[in-house]
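Student: Let me give you the structure first, and then I'll get to my questions.
The values are calculated or read from the model by the stated rules, or taken from the named source; none is laboratory data. Being a predicted model, the structure only gives us computed values, none of them experimental. Here Cβ is always computed from backbone atoms with ideal geometry, including for glycine, and neighbour counts include all displayed protein chains. Accessible surface areas use protein heavy atoms only, side chains included; no ligands, DNA or RNA. Shrake-Rupley method; radii C 1.70, N 1.55, O 1.52, S 1.80 Å.
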Amino acid sequence: MTGSEASPSFRLAYVPGVTPAKWVRIWSERLPDVPLTLVDVPAAEASDVLRSGGADVGVVRLPVDRTVFSAIPLYTESTVVVVPKDHLVTAADEVSVADLADDVVFHPLDDVLSWERLPGRPAIERPATTADAIELVAAGVGLLVVPQSLARLHHRKDLTFRPVVDAPQSSVALVWPEDATTELVEDFIGIVRGRTVNSTRGRAPAPAQPKAKRREAADGRRKPASSGGSRGSGAGAKGGKRGKPRRRS
């Protein structure tokens with residue numbers, strides 16, 4: 001390796017709530033010579049990070065600009081409402097948006113849900129982050145509706161959550177710039193899709209052997225046929241039918 005060549009590396013961006021640990025482990029097993037760096041980014045900044053080359057791929061929340069990015073949808077999350085453990089909502093297994101109409105429901109600046117109409121009563125001021133909104137919920141000031149993974153990420157012993165059956169949902173996808181689909185990107189796609197280590201998808205397959213060479217190889221494995229065994233035995237059989245010549249007296 002010359003001084004101008006950089007060692008291969010790979011950067012994976014991920015947004016809050018996403019847990020890429022399994023994929024990172026498989027990567028380290030299959031490509032131990034290519035270090036994988038995790039890049040934790042806010043959901044709203046994920047596209048900019050990928051577009052600027054700050055990461056090779058990202059596990060981010062949809063939507064993204066499909067004229068710029070390729071995307072493989074992975075899963076869609078349930079949406080939940082985070083409440084104090086003594087709130088009336090906890091009496092039900094699940095709730096609807098209408099059940100939150102009388103409560104203050106926070107809408108933080110980093111909200112990842114696409115609402116046509118915000119639930120509940122608006123707060124006087126929008127919290128800057130989901131973490132800030134969680135603190136306000138714990139103080140008994142209001143409620144918060146988020147994807148379930150974010151409720152788990154900000155789990156507190158004094159809070160719980162319930163599914164909101166008719167709220168918008170958040171989908172998570174593997175995303176990368178379409179014009180930057182490298183072999184390492186293909187390797188990571190294979191890991192996420194569960195391909196085995198022997199799979200050749202995403203890599204150029206070995207060239208097929210020409211038919212002429214395959215025929216030559218096959219002919220070389222065949223045993224040559226015997227040239228004289230059957231004719232010799234036939235001649236002997238014909239000769240055996242003749243009697244011995246009589247001696248003249």
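Student: Does the range 63-71 contain any residue that is aromatic (Phe, Trp, Tyr), more than 17 Å from Val15 (Cα to Cα) and at pLDDT 95 or above? I'd like the intermediate steps shown before the answer.
Tutor: Of the range 63-71, the ones aromatic (Phe, Trp, Tyr) are 69.
Next, only the ones that are more than 17 Å from Val15 (Cα to Cα) stay: none.
Scanning the range 63-71 turns up no residue that is aromatic (Phe, Trp, Tyr), more than 17 Å from Val15 (Cα to Cα) and at pLDDT 95 or above.
Student: Follow-up question, since we're still on this one. Of everything in the range 157-189 that's over 20 Å from Val15 (Cα atoms) and assigned to a loop (DSSP other than H, G, I, E, B), which residue is most open to solvent (accessible area, probe 1.4 Å)?
Tutor: So, considering only residues that are over 20 Å from Val15 (Cα atoms) and assigned to a loop (DSSP other than H, G, I, E, B), the one most open to solvent (accessible area, probe 1.4 Å) is Lys157.
Student: Using the structure shown, decide if Leu144 is surrounded by 20 or more Cβ atoms within 10 Å (Cβ to Cβ) and more than 20 Å from Val41 (Cβ to Cβ).
Tutor: Working: surrounded by 20 or more Cβ atoms within 10 Å (Cβ to Cβ): yes; more than 20 Å from Val41 (Cβ to Cβ): yes.
Judged against the criteria, Leu144 is a match.
Student: Which count do you get for residues in the range 94-115 that are open to solvent by 40 Å² or more (accessible area, probe 1.4 Å) and touching a Pro at 6+ places or on another chain (Cβ under 8 Å)?
Tutor: Count: 7.
Student: If I go through the range 56-78 residue by residue, how many of them are within 26 Å of Pro108 (Cα to Cα) and of a type outside the set (Lys, Arg)?
Tutor: Residues meeting the conditions: 13.
Student: Would you pick out the residues in the range 44-84 that are crowded, with 20+ Cβ neighbours inside 10 Å and in a helix (DSSP H, G or I)?
Tutor: Result: Ala46, Ser47, Leu50.
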